[in-house]
Every structure is written in C-alpha cells, then in structure tokens.
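The values are calculated or read from the model by the stated rules, or taken from the named source; none is laboratory data. Everything numeric here is computed off the predicted structure, so don't read it as measured data. Here Cβ is always computed from backbone atoms with ideal geometry, including for glycine, and neighbour counts include all displayed protein chains. With ligands, DNA and RNA removed, areas are computed over all heavy atoms of the protein, side chains included. Shrake-Rupley method; radii C 1.70, N 1.55, O 1.52, S 1.80 Å.
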Amino acid sequence: VCFIPGGLDCSISFVSHVLGKVCVHGRQKEILSILVPHLNNLTKSDCIWQRICWRLVECVPDRWMEAVVLGFVQRAPGADALSRLLGNLVVKNKKAQFVVTQKVLLLQYGHTTAVLQNLLGYLSLDSLRRALLIKVLQELLETWGSSSAVKHSPPEQQQYISKAILICLSHLKEPEIESCRQELLTSMMEGVKCHLDSNLPQIRRLGMIVAESISSKINTDGPVLKFQYEEDDEARELKSLLVQTPPFCVVPSVPDDDRNGKADAALPLVLESNKKSHAAAPVTPDEESDAELDSDDDLIPYDMSEDKELKTKAPVYIRDCIEVLTGSEDVDKWEATVKALESLVRKNPAATREVSVELAKILLHLEEKTCIEGFVELRQRAQVAVLTTDPIPVIKYLTSQFYSLNYSLRQRMDILDVLVLAAQELSYPKSCGKTKHSGVQKPCIQLLPGSDSSKDWRRIVDERIKSKTRRFATGQSQVELASGPNEFNLVAGHFFFPLIQHFDRPLTTFDLLGEDHFVLGRLVHTLAVLMYLAVNTVAVTAMGKALLEFVWALRFHTDSYVRQGLLSCVSSVLLSIPAEHLLEDMTEELLETQSWLGDVVEKDPDGDCRRVALQNLLLMENLKKKLKTVPS
Amino acid sequence: MALPPPDPQFVLRGTGAAVHALHFSCGSQEPDAPILFSGSENGFIHIWNLKTHRVDTALDGHGRKSVYCVETMGGKDRLLSQGRDQRICLWDLAEGRTAVTDSVFTENVGFCRCSLLKVAQGRWLMAMAAKALEEVQVLELPSKTSVCTLKPEVGAKLGMPMCLKLWQINCGSQPLLLAGYEDGSVVLWNLSTGKVLSQLVCHQEPVMSLDFDSEKAKGISGSSEKVLSIWSLNEQQNLQVYKTHKLVNAGISGITIRPDKKILATAGWDHRIRIFGWKKMKPLAVLDYHTATVHCVSFSDHKNPGERLLAAGSKDHRISIWSIYTQT
C-alpha cells in the first residue's frame, strides 16, 4: 500500500473502511504488521503523514473501531508511536474511548505488559488525554479495592489490574497526585484490607506491592508504608513498572559507555593495589616466625582434653522437665530443658505415658521465655513426640482444645500441624519395631506400593499435599522395605472424627464457617492429609464417607483456599479407599461428587481448583476402568 | 602423653565473700614474709601469710563496700586499695599498723581498676576512671595532684573506661596509658599532651581486662566474648592487631602476664584459669578448680624463680594458689 504525497486532497475514508473490515474479520495481524511499521516511519517526522494517519483511523466505522484500535495498540512499538498514529482518537471517538479505557483494562486481562505500557503511556502523552488517564486510574482503583472483585476474580486478572495501576502511577505528575491524593489514600486503605484478608499468598502480595507503591507516591516526604513479603521475580517485575524509563535515545548511551569504561578501569587498579598489599603482608610474618626459634618450646603443655564448653545441664527425668517448664525462674535451665525435651520423651515412653496429657497441655501453652533458635520447631517436635508416645489421650485432649474457647488462631493451627506430623510419623513403617528417630525427624509420606494407574496426577496430588503440610526440611523418601504393625491403624479414627464433628458450631471466639475461613482452609487440608495417611487402615471407609459428606456440605464455599482443600479431600478419598469399597458403599456419594467436580472444572474461577477437579475426574475414570478390567 | 593439669598447691579459705582483687608481696628479703593481699566483696582486705596460709590481718576501710583493686606501693608496708565506696585508700601497714593515711575521693561508681606506675623514688602516677563517664584522670601520688585528664573527643562514643595500664618504655621515659573501653577499643594516650596516640577496636564487647608487655611492645586484651585479642605497638606508636585467640567459653575477667614475660594467665567466667605461653599464645594449661567465676589472677614477685606462685580469686570465696611452670 503506498500513498503519493503531494498536496493532494485525497479522501481516505475508503481506506479506513477497508482497514476496518479486514481487521474485524480477524486479519489484524497480517495487515497491521505491514501497515504499522510503515506508518510509524512515515509519521516520525512528517506532520502531514500524521494527519493522514489520524484521518485514517478516525474514519473507520464504529462497528469496526474496536478491532482496529486494539490492533494498533498491540502492534505499536511504543507509547509515543501510538500517540503519533492515533492522535487524539480516544477523545474524539466514543467507541475508541470505550475500548481503550474500559474494555482493554477492565473487561479483558489477557494482554501483555507491553500493551498496557503502550496504552497508558499513550494516554499520558497529551494534555487532552491526561484527564482520561486519571479517570482510568480511579476506575482501576475502584475495581482493585472492591472486596467482591478480590474474592471472585481470577488471580491473573488481579495481577493485570495491579500492573495497570502501577503503570498509571508511574505516569502521574506531582500536581495531579496532589489533586487526587485523598481519593488515592481512601482506595488504598480499602483495597489493602480486602487483599490482606485473602487466603492466597499471591493475592496478598499483590495487595502489598500496590499499596506500597501508592503510599510512596502520595507520601513523598513522610514515612512510607512498607510490608514484608517474599521478593521474587514477579515482585521485582511489578515494582519495576513504577519507574518509567525515558524513551530510547542514541545520545545518552555514549557518555554511559564512557562512564562504564572509566569505572571498569578504576576497579582493576584498586584490585591490583589490594593484591600488592596482600602480597606484602604475608611475607613479614613468615620471616618473623623463622627467626623465632624460641624457648617457648621449653614449656610443655598439660593435658587440656577436659576443657569443654560449659553447658547448663538439662534435667534427666520427665517430671523434672515439667517442673522446670511450669515454674522455674532459671532461664538457662528452661532453655536447656526445651532443647532436651523431645529426646527425653522418646527415650522414656513409659514415664511419658504417665504424664502425657499434662505435658501436652504445657507444651500447647508454652511461650518463648528467652530467645532460642528454632523455638517453634523444638516445641512442635516435642508435641509430636508426646503424641506418638501416647496417642489416644493426647489426641482426645488436642482435638477437644481445637474447638474450645480462648485459643488464638495460631494455637489452633499449631494443633492441626502437630496432628498431621504425628499422623505421618505413626503411619510410617518403622524397622523392626525400633524407633528410628535419632535427631532429625523425617516426615515422609509413605509411598503407596505399586499402582497400575498413570502416575502423573498422583504425583501432582502428592506434591500438593506435601506442599501444604511441610514445615521443615525433609529427608529423602526412602524406598523402605521395613515393616511393622501400622500404628496409625488404631488411632486414625481418633485423629479424624473429633475434628470433623463440630465444624458447624460457632463459638464466641471461633467461627469456622464465618470469619475464620483461613483456619477452615487449614482444617480441610489437614483432613485431606489424614485421609491420605489412613490408607490400609480399617477405619478408612467410614472416614471416607464422613469426609465426603463434609465436602458436600461445604462445596460452595466462597474461599478458593477452602475449595482447593475440599478437592484434595476428594483426591485422598479416591486414593486411600480400596476401589471395591468405593463402589460398593459409596456409590451415591461418588455420583454426586462427580457431578460437582464437572461443575467445578467448567465454572470455578480459580485455576488450581479447576486443575485438581479435573485430576479427580480422571482418577474416577481410571478407577472405573480398573474395576472393569479386573478378571472375574 | 600430656600430664593432667596440676592441682592447686594450696587453697586459702576464709574471706567469706567473693574475691575481686589479689596482689602478692613476696619480694622482700625476710624469709617469713611472703604475703598475699586480697580484696573481697564484703569490703575487707585480707592480708594472708603464705607460710601459715592464714589471715594475719583484716583491713576494713571501705565501709563494707566491695574492694576491687589492691596494689602495693614499694613494699608491703604501703598499700593502696580501691573500693565501691568511690574511694581510693592509702594504708600504712608498717610495724603492725592498720591505718588509712590518705584517701582520694574518685566520685566514680564504676568498676575500673586503677593503675599504678612508679616514676621516681617516692613518686607514683595513678590512673583512675574519673567522675565524668568517659574520662580518665591521672594523679600523682602521694601528693594527689592531677597530672592530666584524658577526655576522648566528642562523638568518639567509647563508653566507660573498663581497664587501665600505665607504662613506660624504660625508667625515666615518658609514661603512657593504655585504656580499654566499653565499646571494645583499646586506646593509647600520651599523658603529657593528653591526646590519643592510637586507637584500635579489638572487640565487639567491652574490654574486660588488658595487660601489656613493654619490652616486646605487645599487649593482650580480653572481653565478654570468646576471643582474646593480641595487639602490638609499632614504631609509630600505632596499635595493630597481631592475632586473636578463640576460647572455648566466653568471658574473661582478668589477664595478667608473669613478670618474666614467659607465660600469662587468664581468669574466666567459665570458672577456669587458662595459662598460655606469651611468645606465641600457645595454650599450656587449663586449671579447673573453682566452682564459680574467677574474678582475678595474679603472679607473685618472688625473687627465687622456683618459688613463684599464681593466685586466683573467685566468686566461690576461695583463693587458689598454684605453682606452675616455675622451672624456666
């Protein structure tokens, strides 16, 4: 396509029509990939071409405007190029305005960061368009801050909106920020609250990053909001959006090279001089030691093997430990006791059994008196040791405390963690009945021996369960041929049923179905793990039935973390219960679950939920197939 | 096959309180006169007869406040003691007297032991922590005139002086002061100008104790951490770290180098006394007798090398006397 310049009054509305029609038929890529660079070059310096280009896009009929504008936004090499190509189209044309300010930003979320940069940069480059920029920012913040959006929109969309907000912020100038400072502050506060409420760490982090950025923009001189979160590539990428790099120019790069060159030259000099001084220094001590053949050798040292670190001794008896932990003011002794408790408990099972519930009570309420490294881990290991030594009374105590008044959320979650770790330990086969715990605990999940079905989804489910319950470094999962009676068999029911009993009874300080949905999520995941570990136990079918009922009651919960947990419960049920039992005893529940899973796969906004539901459906299919192929 | 460490030659009991200061006076010619002075937390200074192993006299001059430094001034008849009652007392002990002849009111409530240096016949210099937090005052004794006040510059943030050592390169030359401070640095002061000659950060924790060998221009300092720092003084009067020695347990209350500069002893918070060879810091022995923190160690000044003793005073109210490496 080439035009003949030369002062002719040409009508290009025909070209606009052609362009529009081609774009709307889906051929944006082909035509624009040639047109846009061409136009870009032509419009760089020539005003006439700019005006021609603007006329071109303005004349595109409304019904095809969206496709054309979208195509341009995607293809333009930069915001300034887009500005040259489109001119003030967004101000003049209502449809274009709608597409640019509403559709691309709020209704779609599949575009890349570059597209966002182009679009928002374009809006910021002209004073007429800047008003639109501010309007866009306000709408984005409204969406960002609305709690229903945070709860129900997919994480990808939330990330898209956050990126857009950050880019907008980077374009705003001081006077503009001044004028809308109050609104920014209010929306930031609301938005941060909804984000931090969420159970998904990714959403929380997005909220934190955006809030920090907004705060740094509006409080340039005062203290800024600062959150603590994990810095990884995603976080860094988001933060880099806040700073706008100036448009690419040739000139500044030369002094840059020069400066870099000088810096490089400076460094080797410094290094060399350092090396020289280091080379000089070792010489003199050598000479000195050679010269000293001395009478120091006359003095014969005495035996110093007894010289060891001074340690406060920890008590050797369990009852002494209890005394120290409950009453003693001697902090050294307290510290030594906490460190030694786990091994003492394991070495003296009989003595522990006498005082197990008391110990469990003390440990549950134990708070850090002095600053010990790894206090939380030490306490948890001691609790697990007590539990595994005397399971039934301690489990009764812990599960009853889980639903009692006046515990903090942290303590209730600690209870769940301890139950899971202890269950893992009990279900792990011990070699020849001798306990294998010499120091480091290895909470591996017992691998199911031999399976005919495809491994992928099982591995994925395993990973999922592992990722929810790991607390500290794992040992290698050993292919152990050790065998012994499954200790978990006797107590699996005790772990499981009390936890599931009272979930719908709210207490004054603890309401699982209400505000404390984080704990509910953890409870559900815990039940999934317990179910998984109950494979080969007698109670497994009864547990499975109860669990499926529980899942059914909660299946429409709004929190995606809880839903993920429910789906992993279903996986555990399908994996742990022998296929024959599943089909005999639980047919109706399975059918209902299957229809629910189908629903989830299609309609659930959370990607993880959809994936696990799909895996569950596959599991069910495989089970059916397996049963069909069993030789009669 | 190394020998097990020796036992104490004898143990002095009877102070009734933690022992904070020790000083021998065994150099005189009379055969029955070896004496050990000890300062305790109950304010008494005990004069021990090292032949009978009993207390000859108990001096009460500090109003039952802890005595944390005892020094003799030229013989066992003149004693200087420093206590927590903010006083430094000078005693006349000749012919059985027990009188305080003079006292200096320091107005300092710290624990920094003073340091004495004989500069001429009958004239001593004494360095002590002064009233203001970071200052050290040097007095001339017995006239009690102030020679100089050593003030660190504003913003130096050294903290309290923790330990002091006055020394001269040889008799008649200019006296210098080494001071260890709360921030872990050791500072060399020039007394005539009152200025800092050199400062070296040796420790991360306060310097608890230091000692200096003027012949080799090498010193050692100990702190509440696990490291002993050995530093040297070069020709330009600059302090440099020579080496560090890592200890098994943290905390040193006192360090002292034997007068013949062959060995040194450290008093540890881990109840142990450690002996090192001074030339190369070779660990020689760990003497484990006490059941509580050892507060002070001191070597005797016997003329006969074979009779030399080491004394250690501890919080468990006992003073252990050792005879170790006396053959060199």
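Only one entry of A:ARG555, A:ARG563 meets the criterion of being in contact with a Leu (Cβ under 8 Å, 6 or more places away or on another chain) and of a type in the set (D, E, K, R), and that entry is A:ARG555.
Taking the numbered list (1) in contact (Cβ under 8 Å) with a residue 40 or more places away in the chain; (2) over 22 Å from A:HIS502 (Cα atoms); (3) open to solvent by 50 Å² or more (accessible area, probe 1.4 Å) in turn, A:ARG381 passes all entries but (3).
Residues in region A:153-169 that are in contact with a Ser or Thr (Cβ under 7 Å, 6 or more places away or on another chain) and open to solvent by 20 Å² or more (accessible area, probe 1.4 Å): A:LYS163 alone.
When the strands (runs of 3 or more DSSP E) confined to region B:98-208 are screened for residues that are modelled with pLDDT of 90 or more and closer than 22 Å to B:ASN234 by Cβ, those reaching at least 2 such residues are found at B:161-168, B:175-181, B:185-190, B:195-201.
Confirm whether A:LEU530 is open to solvent by less than 30 Å² (accessible area, probe 1.4 Å), of a type outside the set (Val, Ile, Thr) and touching a residue at least 60 places away in the same chain (Cβ under 8 Å).
yes
Among the candidates B:ARG308, B:ARG272, B:ARG258, B:ARG318, the residue that is more than 12 Å from every other protein chain (Cβ to nearest Cβ), basic (Lys, Arg) and in contact with a strand residue (DSSP E or B) (Cβ under 6 Å, 6 or more places away or on another chain) is uniquely B:ARG318. Among the residues examined, A:VAL150 qualifies as modelled with pLDDT of 80 or more, crowded, with 16+ Cβ neighbours inside 10 Å and touching a Cys at 6+ places or on another chain (Cβ under 6 Å). Looking across region A:304-339, the residues that are hydroxyl-bearing (Ser, Thr, Tyr), at pLDDT 80 or above and either in a helix (DSSP H, G or I) or surrounded by 13 or more Cβ atoms within 10 Å (Cβ to Cβ) (or both) come down to A:THR326, A:THR337.
Can you tell me which residue in region B:233-242 is nearest to B:MET281 (Cα to Cα), limited to those that are in a strand (DSSP E or B) and within 14 Å of chain A (Cβ to nearest Cβ)? Here the answer is B:TYR242.
Output the residue which, of all residues in region A:13-70 that are surrounded by 14 or more Cβ atoms within 10 Å (Cβ to Cβ) and aromatic (Phe, Trp, Tyr), is nearest to A:THR101 (Cα to Cα). Going through the qualifying residues, I end up with A:TRP64.
Can you tell me which residues in region B:209-232 are part of a strand (DSSP E or B) and of a type in the set (S, T, N, Q)?
Looking only at region B:209-232, we keep the residues that are part of a strand (DSSP E or B), and these are B:209-213, B:218-223, B:227-232.
Of everything in region B:209-232, those that are part of a strand (DSSP E or B) and of a type in the set (S, T, N, Q) turn out to be B:SER209, B:SER221, B:SER223, B:SER229, B:SER232.
Hey, any hits in region A:72-86 for a residue that's outside any helix (DSSP H, G or I), on the phi < 0 side of the Ramachandran plot and buried (at least 19 other Cβ atoms within 10 Å of the Cβ)? Yes, that holds for at least one residue. Scanning region B:187-210 for residues being of a type outside the set (A, V, I, L, M, F, W, C) and either touching a Cys at 6+ places or on another chain (Cβ under 8 Å) or crowded, with 22+ Cβ neighbours inside 10 Å (or both) gives a total of 4. Residues in region B:314-328 that are open to solvent by 10 Å² or more (accessible area, probe 1.4 Å), touching a residue at least 40 places away in the same chain (Cβ under 8 Å) and of a type outside the set (Gly, Ala, Ser): B:LYS315, B:ASP316, B:HIS317, B:ARG318, B:TYR325, B:THR328. When A:LYS226, A:LYS217 are checked against the criterion of being assigned by the TED database to the domain that holds A:GLY145, of a type in the set (Lys, Arg) and outside any helix (DSSP H, G or I), a single residue qualifies: A:LYS226. Among the numbered conditions (1) surrounded by fewer than 20 Cβ atoms within 10 Å (Cβ to Cβ); (2) within 14 Å of another protein chain (Cβ to nearest Cβ); (3) in a loop (DSSP other than H, G, I, E, B), the only one that B:HIS245 does not meet is (3).
Any idea how many residues of region B:187-220 are more than 24 Å from B:CYS171 (Cα to Cα) and of a type in the set (Gly, Ala, Ser)? Spell out how you get there, then give the answer.
Initial filter on region B:187-220 (more than 24 Å from B:CYS171 (Cα to Cα)): B:199-209.
Okay, now just the ones that are also of a type in the set (Gly, Ala, Ser), so B:209.
Qualifying residue count for the region: 1.
Are any residues in region A:121-147 closer than 30 Å to A:CYS609 by Cβ and either part of a helix (DSSP H, G or I) or open to solvent by 50 Å² or more (accessible area, probe 1.4 Å) (or both), and if so, which ones? Walk me through it before giving the result.
To start, the set of residues in region A:121-147 that are closer than 30 Å to A:CYS609 by Cβ comprises A:139-147.
Correct list: A:GLU139, A:LEU140, A:LEU141, A:GLU142, A:THR143, A:TRP144, A:GLY145, A:SER147.
If I filter region B:280-289 for residues that are away from every other protein chain (no Cβ under 11 Å) and either touching a strand residue (DSSP E or B) at 6+ places or on another chain (Cβ under 9 Å) or in a loop (DSSP other than H, G, I, E, B) (or both), do I get at least one hit?
yes
Taking the criterion of being touching a Ser or Thr at 6+ places or on another chain (Cβ under 9 Å) and either outside any loop (DSSP other than H, G, I, E, B) or free of Cβ contacts under 8 Å to residues at least 24 places away in the same chain (or both), the residues of region A:497-520 that qualify are A:PHE497, A:PRO498, A:LEU499, A:GLN501, A:HIS517. Screening the candidates A:THR370, A:THR399, A:THR388 for the property of being hydroxyl-bearing (Ser, Thr, Tyr) and not in a helix (DSSP H, G or I) yields one hit, A:THR370. Residue check: A:ASP257 meets all listed conditions (1) at pLDDT below 70; (2) under 28 Å from A:SER124 (Cα atoms) but one, namely (2).
Of all residues in region B:283-306, at least one satisfies being surrounded by 23 or more Cβ atoms within 10 Å (Cβ to Cβ), in contact (Cβ under 8 Å) with a residue 24 or more places away in the chain and in contact with a helix residue (DSSP H, G or I) (Cβ under 8 Å, 6 or more places away or on another chain).
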